[in-house]
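Encoded as structure tokens, here's the structure I'll be asking about.
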Protein chains: 2
Amino acid sequence: MAVRFELIKECRRSKARLGRLHTPHGTIETPVFMPVGTQATVKGMMPEELKEMGTEIILSNTYHLYLRPGEDLINEAGGLHKFMNWDRPILTDSGGFQVFSLGPLRKVSEDGVTFKSHLDGSTHFMSPERATQIQMALGADIIMAFDECAPYPSTWEYTEAALQRTTQWAARCKEAHGREDQALFGIVQGGMYKDLRERSAKELMDIGFPGYGIGGLSVGEPKPLMYEMLEYTIPLLPTDKPRYLMGVGSPDCLIEGVMRGVDMFDCVLPTRIARNGTVMTSRGKLVIRNAENTRDFRPLDEECSCYACRNYTRAYIRHLFKAEEILGLRLTTIHNLYFLLTLMKKVRQAIAEDRLPEFRKEFFADYGYE
Amino acid sequence: MAVRFELIKECRRSKARLGRLHTPHGTIETPVFMPVGTQATVKGMMPEELKEMGTEIILSNTYHLYLRPGEDLINEAGGLHKFMNWDRPILTDSGGFQVFSLGPLRKVSEDGVTFKSHLDGSTHFMSPERATQIQMALGADIIMAFDECAPYPSTWEYTEAALQRTTQWAARCKEAHGREDQALFGIVQGGMYKDLRERSAKELMDIGFPGYGIGGLSVGEPKPLMYEMLEYTIPLLPTDKPRYLMGVGSPDCLIEGVMRGVDMFDCVLPTRIARNGTVMTSRGKLVIRNAENTRDFRPLDEECSCYACRNYTRAYIRHLFKAEEILGLRLTTIHNLYFLLTLMKKVRQAIAEDRLPEFRKEFFADYGYE
């Protein structure tokens, strides 16, 4: 079964859309937030817990799985879904972002990238063909083209060179790809330069993909600049294909992204800050270790009905963090993921009811605008 | 509602017994193994997971909870059950074992023990009265008398002095105790000296308790010596009261303890070795990090039907441990606790069917005798 995107509704008062992404492992309602399971597990979570909180699709990282335990082992296990006991859709990134983040540890040529493993310093070579083969072996429902994400800030010249490689590599990925049950998405680059964003979008559309990632944003630039680039880039993309804003996951960026036409998001933010003891609530962020929570017998968020908020107090969760008990980060992770997944559910409902701008206003009145 | 022990059956071919321990939070089938939740959480586990694997009662540590977050806070939260979201029975130890384990950090007098906190070095005083008050504030179903556990080896003279204090303190604990919904158990000491064991048992029975802990065993002595002490001590205790062998939890010691008349056990062993990647299986111990498990797509134990064994392979769990992912220790903890709780269920069934000696033989034929 092939991956297929179904556009359900376009908002009249924003660029927001409702859609359904059909995959071999089930249908995803968009706009969607994808929790990140870098090493074939969403840190601290079990598949059943992810499902209970409404997770429809997760992201896993090709770079990490390639290095450990290796795509061959996962393939031998029956693929990533079976290996990690997750029977809903999975998206794997291409490893490009991680490899280029290695800085002096990597060397780029037209052919691909030579890099040293962050685990043991061993030398590896990654190319569009290898990245695609690895992702085929992993067997996710959606895979990504191997791209070069220019850091922020970058000169026009550097960004242009990265874009050019990204286009050429995207074509090679498509050429190398041969699984009917997987969709390969291209990734629009072009940094903070509108002319390059336009060129990237057009070149990728010429090659033709069933979905488009928007890369190179949320890399350190001011949020208004990110929104500006989104506003410029998204209308260049086909309306009948999903648009995936990569690496974005704060509540404000999710809402602002949806309003500009984004269908898919992923980010480590909710799980990472949870392990650090920070939770997102309807009244903004809460740092659970703070002394003010010592005898606070309210739930993390009085308006939340996640497992953690239904059963535990701030005082108990603070105790767990002070005592370095694992249950603490399990509860905050459950809460933060539930918070974002529920936010997206409310966003979808608001689009359906033509009241997304009002929802946005109400949400930020309580949460605060970051 | 008071705590009450009901003796169901005595084995004809060993000293094993079947019983029911009725508590305000439910009835426990004995012989029972109690998982340890030192800091108001069984490390890595949620209450629902513990219930799913058949946990009937857990133990929590008074010393740790007194130091952090403090019994007042837990009492304010509505007691330990409510604080940690565990609605089944709880047993708290008295803190005696921990305080005496502090070595040079503590000073003993007739009145009690002055010690320094392992957390911040602050000075504290613990007495039979304080230990009882703290446990009353925590609100467990079963609480333990504040005792002195002599280390192994100890001279007869030292062991005798510790025993004498333990008896006097037990009387003071009983005097200080005033909750009808809690049972206070005495603790038999006497080290490896039969005359002292006998004296301790008799003195405690003169005071009179609804249950008796057997302390000062599994403290480093050879297992045959522990079994010998059990064989001597247990017949001295009343048959209509539960006997609790403290700090014991390896499969062989559980079976041997039951055969000598023990009704209750607790130990950190299954959860501690699980976090280290060692699991107990029907074929003995398995170290999951070992290279031989790299491509082993079998469950941890082919005869086990715990959540981990139903859904995950050795290869995946090994990957989780190599990648330092929390789900790894969650799965091994679930498995080890399930293994011991299921072992105890089988032991109870074997007693009911008068075939405990046969069960013991079969179990060790596969598991190996440690």
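Quick one: would you say B:F83 is touching a residue at least 12 places away in the same chain (Cβ under 8 Å), part of a helix (DSSP H, G or I) and within 14 Å of chain A (Cβ to nearest Cβ)?
When the stated conditions are applied, B:F83 passes them.
Right, next: Does at least one position in region A:144-153 carry a residue that is part of a loop (DSSP other than H, G, I, E, B), over 20 Å from A:G216 (Cα atoms), open to solvent by less than 40 Å² (accessible area, probe 1.4 Å) and among the hydrophobic types (A, V, I, L, M, F, W, C)?
No, region A:144-153 contains no residue that is part of a loop (DSSP other than H, G, I, E, B), over 20 Å from A:G216 (Cα atoms), open to solvent by less than 40 Å² (accessible area, probe 1.4 Å) and among the hydrophobic types (A, V, I, L, M, F, W, C).
Just one of (1) more than 9 Å from every other protein chain (Cβ to nearest Cβ); (2) more than 27 Å from B:R310 (Cβ to Cβ) trips up B:V32, so point out which.
Exception for B:V32: condition (2).
Among the residues of region B:50-80, count how many are open to solvent by 20 Å² or more (accessible area, probe 1.4 Å) and either within 12 Å of another protein chain (Cβ to nearest Cβ) or under 15 Å from the mean Cα position of the chain (by Cα) (or both).
Residues that pass the stated criteria total 10.
Moving on to the next point. Test A:E6 against the stated conditions and say whether it is over 17 Å from the mean Cα position of the chain (by Cα), surrounded by fewer than 20 Cβ atoms within 10 Å (Cβ to Cβ) and under 22 Å from A:P270 (Cβ atoms).
no
Take B:D93 and tell me if it is free of Cβ contacts under 8 Å to residues at least 40 places away in the same chain and away from every other protein chain (no Cβ under 14 Å).
no
Right, another one. Surrounded by fewer than 23 Cβ atoms within 10 Å (Cβ to Cβ) and either more than 14 Å from chain B (Cβ to nearest Cβ) or of a type in the set (S, T, N, Q) (or both), is that true of A:T239?
Judged against the criteria, A:T239 is a match.
Taking region A:181-202, which residues are open to solvent by 10 Å² or more (accessible area, probe 1.4 Å) and among the hydroxyl-bearing types (S, T, Y)?
A:Y193
Search region B:231-259 for residues that are basic (K, R) and pair each with any residue that is part of a loop (DSSP other than H, G, I, E, B) and open to solvent by less than 40 Å² (accessible area, probe 1.4 Å) when their beta-carbon atoms are under 7 Å apart and the residues are at least 6 apart or on different chains.
B:K241/B:G211; B:R243/B:L237; B:R243/B:G261; B:R243/B:V262; B:R243/B:D263
Only one residue in A:M280, A:M205 is buried (at least 17 other Cβ atoms within 10 Å of the Cβ) and not in a loop (DSSP other than H, G, I, E, B), so which one is that?
When all the criteria are applied, what remains is A:M280.
Could you tell me whether any residue of region A:333-345 is more than 8 Å from every other protein chain (Cβ to nearest Cβ), over 28 Å from B:E324 (Cβ atoms) and of a type in the set (A, V, I, L, M)?
yes
Name, by its number, the condition in (1) away from every other protein chain (no Cβ under 14 Å); (2) open to solvent by less than 10 Å² (accessible area, probe 1.4 Å) that does not hold for B:N293.
Result: B:N293 fails condition (1) only.
Looking at (1) open to solvent by 10 Å² or more (accessible area, probe 1.4 Å); (2) under 18 Å from A:C149 (Cβ atoms); (3) β-branched (V, I, T), can you tell me which one A:T233 breaks?
With (1) open to solvent by 10 Å² or more (accessible area, probe 1.4 Å); (2) under 18 Å from A:C149 (Cβ atoms); (3) β-branched (V, I, T) applied to A:T233, the lone miss is (1).
Shifting gears a bit: Go through B:R348, B:R330, B:R310 for me and flag whichever is over 21 Å from A:L67 (Cβ atoms), more than 8 Å from chain A (Cβ to nearest Cβ), part of a helix (DSSP H, G or I) and in contact (Cβ under 8 Å) with a residue 24 or more places away in the chain.
Only one candidate qualifies: B:R348.
What number of residues within region A:86-111 satisfy the criterion of being open to solvent by 10 Å² or more (accessible area, probe 1.4 Å), touching a strand residue (DSSP E or B) at 6+ places or on another chain (Cβ under 6 Å) and not in a helix (DSSP H, G or I)?
Going through region A:86-111 one residue at a time, the tally reaches 5.
Okay, moving on. How many residues are of a type in the set (D, E, K, R) and either within 8 Å of another protein chain (Cβ to nearest Cβ) or crowded, with 23+ Cβ neighbours inside 10 Å (or both) when one looks only at region B:313-327?
The qualifying residues number 3.
Just one of B:T55, B:T27 is among the β-branched types (V, I, T) and not in a loop (DSSP other than H, G, I, E, B); which is it?
B:T27
Output the residues belonging to region A:22-35 that are touching a helix residue (DSSP H, G or I) at 6+ places or on another chain (Cβ under 9 Å), within 25 Å of A:M259 (Cα to Cα) and surrounded by fewer than 22 Cβ atoms within 10 Å (Cβ to Cβ).
Result: A:E29, single match.
Would you say B:C304 is away from chain A (no Cβ under 11 Å), in a loop (DSSP other than H, G, I, E, B) and buried (at least 18 other Cβ atoms within 10 Å of the Cβ)?
yes
Scan (1) among the aliphatic types (A, V, I, L, M); (2) closer than 21 Å to B:I351 by Cβ; (3) surrounded by 23 or more Cβ atoms within 10 Å (Cβ to Cβ); (4) in contact with a Leu (Cβ under 9 Å, 6 or more places away or on another chain) for the single condition B:L18 breaks and write down its number.
Of the numbered conditions (1) among the aliphatic types (A, V, I, L, M); (2) closer than 21 Å to B:I351 by Cβ; (3) surrounded by 23 or more Cβ atoms within 10 Å (Cβ to Cβ); (4) in contact with a Leu (Cβ under 9 Å, 6 or more places away or on another chain), the odd one out for B:L18 is (3).
Any residue in region B:39-49 that is more than 10 Å from chain A (Cβ to nearest Cβ) and open to solvent by less than 20 Å² (accessible area, probe 1.4 Å)?
For region B:39-49, residues more than 10 Å from chain A (Cβ to nearest Cβ) and open to solvent by less than 20 Å² (accessible area, probe 1.4 Å): absent.
Separate question: With the requirement that a residue be outside any helix (DSSP H, G or I), open to solvent by 10 Å² or more (accessible area, probe 1.4 Å) and of a type in the set (D, E, K, R), what does region A:244-277 give you?
Matches in region A:244-277: A:R260, A:D266.
The values are calculated or read from the model by the stated rules, or taken from the named source; none is laboratory data. Everything numeric here is computed off the predicted structure, so don't read it as measured data. Reconstructed Cβ throughout: ideal geometry from the backbone, glycine too, with neighbour counts over all protein chains shown. Surface accessibility is based on the protein's heavy atoms, side chains included, excluding ligands, DNA and RNA. Shrake-Rupley method; radii C 1.70, N 1.55, O 1.52, S 1.80 Å.
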